[in-house]
Amino acid sequence: GEDVEQSLFLSVREGDSSVINCTYTDSSSTYLYWYKQEPGAGLQLLTYIFSNMDMKQDQRLTVLLNKKDKHLSLRIADTQTGDSAIYFCAESLGATSGTYKYIFGTGTRLKVLA
Amino acid sequence: DAGVTQSPTHLIKTRGQHVTLRCSPISGHKSVSWYQQVLGQGPQFIFQYYEKEERGRGNFPDRFSARQFPNYSSELNVNALLLGDSALYLCASSSSDRGSTGYTFGSGTRLTVV
């Protein structure tokens with residue numbers, strides 16, 4: 001099936017680390033993504049990870065992938081008030097069908113407290 | 001460099017009317033996809049076009065149609081609008097049909113059906 005799940009809310013204090021979790025169901029996913037959406041805006045690609053990797057670090061962002069458990073997480077170090085937004089996890093499907101589409105989670109609203 | 005541009009940014013239509021949304025991909029990008037994002041949810045895949053051919057469509061009724069032009073820009077058309085069509089419509093482009101390194105999204109067109 002095609003389903004991506006995320007927790008709805010996360011609140012952290014400025015300077016702390018944030019960890020946003022995601023589970024997906026389709027084991028054929030080749031790439032997994034994290035997008036950020038600020039109020040009234042489109043989606044901004046933060047980072048992505050290939051399915052044969054288990055970790056990727058990009059400045060303050062660390063992505064961990066547990067392919068066995070179909071679990072993806074995004075860690076934001078030294079969280080700032082500008083990080084307050086909705087974060088979407090997405091899996092890429094299409095290697096077998098030829099239609100390349102993303103399946104998005106419902107999004108996690110991150111609130112950073114000053 | 002211009003990103004993905006969508007027009008109009010906001011639109012109000014009456015039930016039963018027809019609407020056309022427009023998208024210009026990043027220069028050199030040949031793949032365009034359309035997503036619908038209802039308030040409080042993650043984006044849902046509507047269509048993918050690559051090299052002016054439809055590569056796939058999501059679980060949307062035939063009232064939804066799209067096309068891609070020789071310059072790779074795209075239109076999304078929705079006929080016989082329903083209240084439930086109210087949403088943010090996002091266009092995304094990629095240089096490849098697989099979007100492996102991530103689709104770039106536009107800021108969207110917010111459609112309100114009254």
Please determine, by comparing only the residues of region A:18-44 that are open to solvent by less than 50 Å² (accessible area, probe 1.4 Å) and small (Gly, Ala, Ser), which one is nearest to the other protein chains (Cβ to nearest Cβ). A:Gly42
Going through region B:56-77 in order, the residues found to be assigned to a loop (DSSP other than H, G, I, E, B) and away from every other protein chain (no Cβ under 14 Å) are B:Pro61, B:Asp62, B:Arg63, B:Phe69, B:Pro70, B:Asn71, B:Tyr72, B:Ser73
The one condition in (1) in contact with a strand residue (DSSP E or B) (Cβ under 6 Å, 6 or more places away or on another chain); (2) touching a residue at least 40 places away in the same chain (Cβ under 8 Å) that A:Lys56 fails to fulfil: (2)
Look at A:Asp69 and say whether it is assigned to a loop (DSSP other than H, G, I, E, B), closer than 18 Å to A:Ser18 by Cβ, open to solvent by 60 Å² or more (accessible area, probe 1.4 Å) and away from chain B (no Cβ under 14 Å). no
Residues within region B:14-55 that are more than 13 Å from chain A (Cβ to nearest Cβ) and not in a loop (DSSP other than H, G, I, E, B), tallied: 5
Sort through B:Leu111, B:Leu83 and tell me the only one that's loosely packed, with under 13 Cβ neighbours inside 10 Å, under 30 Å from A:Asp3 (Cβ atoms) and more than 9 Å from chain A (Cβ to nearest Cβ). B:Leu83
Filter region B:78-96 down to residues that are touching a Ser or Thr at 6+ places or on another chain (Cβ under 6 Å) and part of a strand (DSSP E or B), then give me how many there are. 4
Taking the condition of being within 12 Å of the chain's Cα centre (by Cα) and either at positive phi or outside any strand (DSSP E or B) (or both), how many residues in region B:98-114 meet it? 3
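The values are calculated or read from the model by the stated rules, or taken from the named source; none is laboratory data. As the structure is a prediction and not an experimental result, all values here were calculated from the model. All Cβ positions, even for glycine, are placed from backbone atoms using ideal geometry, and neighbour counts span all protein chains on display. We work out accessible area using only protein heavy atoms, side chains counted, and drop any ligands, DNA or RNA first. Shrake-Rupley method; radii C 1.70, N 1.55, O 1.52, S 1.80 Å.
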